[in-house]
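Participant: My questions all concern the structure below.
Read-outs: derived from the displayed coordinates by stated rules, not from any lab. Note that the coordinates shown come from a computational prediction; the quantities given were computed from them, not determined experimentally. Reconstructed Cβ throughout: ideal geometry from the backbone, glycine too, with neighbour counts over all protein chains shown.
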């Protein structure tokens, strides 16, 4: 009975205290007021930037980014301008996938589970959505399929007066498009498409030279590395030696009017972290002074690091020392990771099927009466009865017509045909015409990068041997040799 | 005692329910102040759709109109008014101009909500949704960012969506024509309709493609079932929507050639044409047949005249075989076309008798506008 009275009393208390005349907010303001205030604060930050914001955007992880400018007003309008986006098709032909747009549209900032920025009409972000690329089908063909992404609803992860960080609201999977906005300057709004194209050309081919490599140096440090760039896809790879281990770090980049920026900064060592490089036309270099460390990129015929191949045509990694990110599922875009430099080298690999490698025997300049400069072709896969498979060497006389440090251009002497015919053992096996492809390669004005070494003849007399790395058999791995070479030529 | 406790608890519970919230209590909720938009697009939509048809055009992005599983883009501002004008010119006005009944019909049944989507709706499995109608109240148009009235393919895709979805609203409001669903009852196959999707092929069996590289549909498998498209074989409602929309957006001659039956004499003429073409042909295929027969006879020691006769006979037999195949194909198609014609006549009468809408007149108006649009004329 006592329990019953307790229940009654407790229930009455609950009943009559459950509602009061006025609901008291937990905070000073109501939920609606606080949400509205939050939204207004975000809008204020966005709209307070006098010349708006600049960020770099692309919808996928496998490409770099392109500049986008935005200028917000407090009454819900935003002006958006973007750089032209050109991406090559499968045949390497550049085509414009997003024209230079300049849109004025409405936006809203709302708060549900997160505070979001939503662009209410189509603009450059949606143009990304419309991009289609060839993707492989199960039967080995390809089909034009959406590139993916193209976000127009962003979570405002952080909003400060000098930096706003946006993240895709709807991206699925691990990769979430992030758009970091920084305050724009007035001049940023004047995209000079020609200048951007020139910066792209410089980054691709070098402004004033035909040198392949972009050697990286850090002031005051013993650093060895180089940069490889695929400017079409806005991808850069930094190759460098880190305690005798090759590091190969890809980064998404954006080309600016004065150089390029990295989407994610790269920490090379304890004190060196690079994020932005400015091009200097006078001395044809890129420089960065991020974190107060002077980093320079200059054109060179000498690669900082060589390993061969980096990522082969099947997308596999070369050795455990290579630290790189490779997503084979997007093989159609892997050009974005393998640089054009690599292909420039590889084009000379396309020689006869049986060609194993080529040795270049340089005439010893101190001994003019010694052996003449020749190229030795080493064939295998040729059947030479009664021995079966064996290597065959053919010496071809060449003339060095340009020699610049480690880069050299050759000219085959007119009697190269006789060289084939004079080799009695092979004259019936090798058609001189089969060397036409080789001739084309050897006379390429861009020359070759050479690996010199010292051999000893049978009589013990040393002579210089130079290996053309660019015509190596794909099965040959150079990593070890090159590390030794690089150390010996410091 | 236990019973008494239960009664007491119930009493308290009821008391709590009826006293805990007083209906006069004011909720601490601030009503959102609605400010009427001064955006020129909103003003256009108000004048042309909201005030006239009580229809809201949703053109600004609002995620409640598309499920989060889909990949879509909002429309560009530049195409919004143009798309709305297309809706007027190719949908609303043709009904209004077709007859008094058509005017009343469109005004009464116009959907209360139309959603514009800039892109296609990409499903997670990679397929595309071209548009959809929901419970007779909302029609969603996709790919409006590709707006180009001179692009016949784009325009007809949009009109197909519009008239297909509006036809759904019609049958959702008034039911199907009486008996429509029984005509092809056993031919409907639900989601298996995809097995009937086929593409036109050339003599080598290669799929023919349009100028955009898209494969060109071959509707024959569906037509043989008495339905205009493979999708129409899903059920009677999709059949009805496909029939009406295809009738309106397809050129009259093309519709008749593709979907309506021909006479036996026309079939015989077509079969004879196949026979004669093979007999007269100098294609590699025919010459090979002739030469193989010729050579076989030659090996048997026949005279040249006999060898030639053997070659001619082989070609003739081949021509007869192909003619029979053609005949079978045309007759199978024709049996389906007879069914389509029956349903079309039923549908025309349904629109005419119930709504005073002359579908042929409506079709002619739409077709004239499509032709003018290709010429760049209003």
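Participant: Below 8 Å, C-alpha to C-alpha, sequence gap of six or more: please give me the relative contact order for segment B:37-174 in percent. Working shown, then result.
Facilitator: Numbers: 195 pairs, mean separation 33.0, N = 138.
For segment B:37-174, the relative contact order is 24 percent.
Participant: Counting pairs of Cα atoms in segment B:37-174, how many percent are more than 26 Å apart? Mind showing how you got there, number by number?
Facilitator: Numbers: 1803 of 9453 pairs.
Cα-Cα pairs of segment B:37-174 separated by over 26 Å account for 19 percent.
Participant: Assuming R0 = 35 Å, what is the FRET efficiency of residue B:341 and residue B:281, from their Cβ-Cβ distance, to the nearest 0.05?
Facilitator: Numbers: r = 34 Å, r/R0 = 0.98.
E between residue B:341 and residue B:281, to the nearest 0.05, is 0.55.
Participant: For a quick check: sort A:152, B:65, B:247 by the number of other beta carbons within 10 angstrom, fewest at the front.
Facilitator: Neighbour counts put them in this order, fewest first: B:65, B:247, A:152.
Participant: Something else about it: Simple spin-label model, 7 Å along Cα-to-Cβ: residue A:114 to residue B:47 in nm?
Facilitator: 4.1
Participant: Over the whole of A:28-40, what's the average partner chain Cβ count within 10 Å per residue? Rounded to a whole number, please.
Facilitator: On the way: counts 0, 0, 3, 3, 5, 1, 0, 0, 2, 0, 0, 0, 0.
Neighbouring Cβ atoms belonging to other protein chains average 1 per residue here.
Participant: Given a Förster distance of 35 Å, report the FRET efficiency between residue A:182 and residue A:222 from their Cβ-Cβ distance, rounded to the nearest 0.05. Please list the in-between numbers first.
Facilitator: Details: r = 34 Å, r/R0 = 0.97.
E between residue A:182 and residue A:222, to the nearest 0.05, is 0.55.
Participant: Another question, then. Helix-derived [θ] at 222 nm for chain B: sum -39500 (n - 2.57) over DSSP H runs of at least 4, divide by residue count, nearest 500?
Facilitator: Working: 14 runs with 205 residues, N = 378.
Mean residue ellipticity at 222 nm (helix-derived): -17500 deg cm²/dmol.
Participant: Based on the Cβ-Cβ distance from residue B:178 to residue B:254, what FRET efficiency comes out when R0 is 25 Å, to the nearest 0.05?
Facilitator: 0.30
Participant: If you don't mind, there's one more thing I want to ask. Could you work out how far helix B:152-174 tilts from the main Cα principal axis of chain B, as a 0 to 90 degree angle to the nearest 10?
Facilitator: For B:152-174 against chain B, the angle is about 60 degrees.
Participant: Name all residues of segment B:216-233 having a backbone nitrogen under 16 Å from the label point set 7 Å from the Cα of residue B:189 along its Cα→Cβ direction, giving them as ranges.
Facilitator: Residues B:218-233 fall inside that zone.
Participant: Tell me the angle of helix B:2-19 to the major Cα principal axis of chain B, expressed in degrees between 0 and 90 and rounded to the nearest ten.
Facilitator: Between the helix axis and the principal axis of chain B, the angle is about 90 degrees.
Participant: Take the Cα of residue B:298, step 7 Å along the line toward its Cβ, and report every residue of segment B:314-333 whose backbone nitrogen sits under 13 Å from that point.
Facilitator: none
Participant: Please build a GNM for chain B, connecting alpha carbons under 10 Å apart, and tell me which residue among B:231, B:70, B:295 fluctuates the most.
Facilitator: In the Gaussian network model the winner is B:295.
Participant: Using alpha-carbon positions, what is the distance between the centroids of segment B:198-243 and segment B:324-343, in Å?
Facilitator: With segment B:198-243 and segment B:324-343 each reduced to a Cα centre, they are spaced 15 Å.
Participant: How far apart, in nanometres, would the label points at residue B:264 and residue A:198 be if each is projected 7 angstrom from Cα along the Cα-to-Cβ direction?
Facilitator: So the two model labels end up 8.2 nm from each other.
Participant: What is the percent of Cα-Cα separations in chain B that go past 29 Å? The partial results should precede the final answer.
Facilitator: Details: 40908 of 71253 pairs.
Summing the P(r) tail past 29 Å for chain B gives 57 percent.
Participant: Turning to a different aspect of this structure: Label-point separation (nm) for residue A:73 and residue B:353, each offset 7 Å from Cα along Cα-to-Cβ?
Facilitator: Spacing of the two 7 Å Cα→Cβ label points: 5.9 nm.
Participant: Expected output is a single nm value to one decimal: the length gained when fully extending between residue B:68 and residue B:206, i.e. 0.36 nm times separation in residues minus the C-alpha distance. What is it? Kindly include the intermediate steps, with their values, before the conclusion.
Facilitator: Numbers: separation 138, 0.36 × 138 = 49.68 nm, distance 3.82 nm.
Separation in residues times 0.36 nm, less the Cα-Cα distance, equals 45.9 nm.
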